[in-house]
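Taking it in order: structure first as structure tokens, then the write-up.
The values are calculated or read from the model by the stated rules, or taken from the named source; none is laboratory data. Quick caveat, the model's predicted, so the values are computed rather than measured. Quick reminder, even Gly has a Cβ in these numbers, built from the backbone with ideal geometry, and neighbours come from all protein chains shown. Just the protein is used for accessible areas: all its heavy atoms, side chains included, with ligands, DNA and RNA removed. Shrake-Rupley method; radii C 1.70, N 1.55, O 1.52, S 1.80 Å.
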Amino acid sequence: MATSSVSKGCFVFKPSAKKKRTLDLNGYFTGACEGAETSEIRFKLCQDLWDKIKADTEVLQDELSKKILDSLLDFTMRCSSTCQHGDWASQMRASEIPTAALILGVNVPDHDMTFQSLCELLQQSVTPHVASVQAKECGALKHLMKRILERLMDTVVAVDDDDEEDEAEHTRGQIHKQVHCSLGTLCEWYQAKTKKSNSGTPGKKRASPVRNEQQQPPVVIIFKDLEAFNPRVLQDFILICSRYIDRLPLMFIFGIATSPSTIQHMLPHSVSSLLCIELFQSLSCTQHLATVIDKLILTHHFPFKLNNKVMQVLISVFLYHDFSVRNFIKGLQLALLEHFQSQPLSVLCCKKSEALLNVMQLSHCDLERVRQLASFKRYVEKQEPQEQVSLLKDDTHLKEVCKTLIKELHKYHKNYYPVLRCLHTLTSSLPRYPLGKQIRELHLICLEKNVWETEDYQSSMKLLKMLAKDELISLLQRCAEILQPVKSKTMKMALDQLQELLAKFEQLDTAVETAPNVEESITSPVKSLQKKTDLFQLQKTLLEMNESRRSKKLSPFEVLRNEALEFIDNLVKNHLSPPESQTLYEVCYYSSSATVRRHLNATPRTSIQAALSSPYYYLQNDRLKTEDGSVSNAAPDVCIAYKLHLECGRLINLYDWLEAYATVVSGAEGNDPDSDSFGKVDEVKHARFIRAVSELEFLGFIKSTKQKTDHVARLTWGGC
């Protein structure tokens, strides 16, 4: 925009009155969506499932953390009532600061939800005076004091050398009167608060003990990430607080990610002796994950499914990166969003009744997509020739067949998960866990292949045949409890058969066993061995013993045990086939593991190398297109410098590198290669080269070296 003026000045250009068009969430979803005709229905289904995941995980989080939160709540109530008792032990404890050491585990991203629930629970049940701080905002003692006072007193706290940004931040909000940053100020504020609450009910002279405890509520300070705090800052703060413990009922909660020994490493005995520490252990993140998988994934009520590769990616990210259940759920939500956006037939990924209605609304294009599915092609190949023609040509007939196939798919899921739990119940306690200790391990095996064809399954069956009667009956009873609530005709029939087997086991205890004569036939050759015999007689006797063992009758328990295991084997073979064996499984199962891995398990070095080697991929400039994989001479300077550095060894001569760069850039400027000025280094090229080298050093590809002053060392090897 041009301006003209006699003198230099500052010109303000107001933006046009036209507002930019902003897309809502539905617009973003449908913008890059395949199959636009059903995009709105799919968006609604995706949003409903998203909300269900969120609601279910919040309920699970509350249930799993209820025990530890109740323990902490009980601890704070006990500590706040200590001053009401006059015994010697209570007085000794009153001189110490009550401290709860909460061991949360290394799943740091999940800690925020726990502390948020804890703060809400404390404010509702124990005390309104709760402040939580993090190490990143408390680098020095004055900053720690400032944050605590501000969050407790809800006012602006004055520090001698406050930054202007902090002052501006406070002036934007509600204007408060500034107070001095000290615990003395906090004591005065607390006494004023408690006097005000006491004077609110002057009529009663004799108050209840509970009311007295509420009149002196504790001041709870939560240190979310204890390991990240500066030990010196923490020590000084505890020493200062110990001087005010008689005037201010302080209480600390330490959030610890590693082990309780962290307190000993950070605090010397002179400081830790001022604390009355009690340990609290939260539920392990692996148990939390097992519960989430059990409630969200291993259920037929949730129509969206993950195939084995995507499931493996999510579990690998959890086990080898962050142990965060929260991030696992985010990965599940990402897969859900990708599935509904990239798969037009995901309109059928919903409850059975809704899916049957959506089948009748499928357009001709959607039905053609059904015909292109790999599972449907296999289904067509198994049909009669006339039926094949109808499936490929008649849309109305295809819709009716799709309704039947959708019912079969839902029936498969309804039977799959109870049988999976039964098999896990039987095999999870076997030695060396041949089919895995966690049910997710068995689920991954079943998603990948026929589990009954694996060696681990065969060895599990052999081990089950060695179980004692009491152990086997106990496991079968647990299987019956799993099948009991399932509303499926097939599972009800299986339950009846299982109960019949259990009744037969009970009858074995009361039945009178007829003593077999097999033992005599076995022991008689053994007695003959005690006599002197020749080699021929010995061989004959051993053969008789072998034949007697083969012809030995099985005991009633062994017959019944084999019958029970054969029943379980038939259940597994009938209901635990992989989902790929089911027609139209693609509408429910998300299979793009590469997309999930790219979003969740980012590889920044690979992305940077791809950008420097192929700038066209990001810039979309036709001048940067190359066919042989080389970088165009019109590419950005850093790309040219990067490509040239790949041709060098461990040490790079800066002058040779500069000359090569100047030659490439001169070609991009269109200079005549035969001219004397071609490839010459001028000030502009020199400055551009220095900037490109500095950027490569910042990205970590090179570094300066003391071996040669005019050289740099190369740090990375192997391109994209």
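Whole angstrom only: what separates the Cα centroid of the range 321-335 from the Cα centroid of the range 38-84? Centre-to-centre distance over Cα atoms comes out at 16 Å.
For the range 441-511, which whole-number percentage of the solvent-accessible area (1.4 Å probe, protein heavy atoms only) is attributable to carbon and sulfur atoms? C and S fraction of accessible area: 49 percent. Given their separation in residues at 0.36 nm each and the Cα-Cα distance between them, Arg478 and Asp682 gain 65.1 nm when the chain is fully extended. For the range 534-600, the solvent-accessible area works out to 60 Å² per residue, with a probe of 1.4 Å and every protein chain left in place. Using a probe radius of 1.4 angstrom, the carbon and sulfur fraction of the accessible surface of the range 564-607 is 47%. Counted by Cβ distance under 14 Å from Ser65, the other residues give a net charge of -4, where Lys and Arg count +1 and Asp and Glu count -1.
Protection proxy ranking of 377-388, 110-121, by the mean of other Cβ atoms within 10 Å over each peptide's residues and highest first, is 110-121, 377-388. Please compute the net charge surrounding Leu654, taking Lys and Arg as +1 and Asp and Glu as -1 over other residues with Cβ under 11 Å from its Cβ. Result for the local shell: -2. Which of Lys295/Lys382; Lys643/Lys706; Lys309/Lys703; Lys44/Lys382 have a Cα-Cα distance over 30 Å? Violating the 30 Å Cα-Cα cut-off are Lys295/Lys382; Lys309/Lys703; Lys44/Lys382. In this calculation the C-beta distance from Leu715 to Ser261 is compared with R0 = 51 Å, giving a FRET efficiency of 0.85.
The stretch between Arg623 and Leu334, if pulled fully straight at 0.36 nm per residue, gains 100.5 nm over its current Cα-Cα span. Using a probe of 1.4 angstrom and keeping all protein chains present, the accessible surface of the range 321-418 works out to 48 square angstrom per residue.
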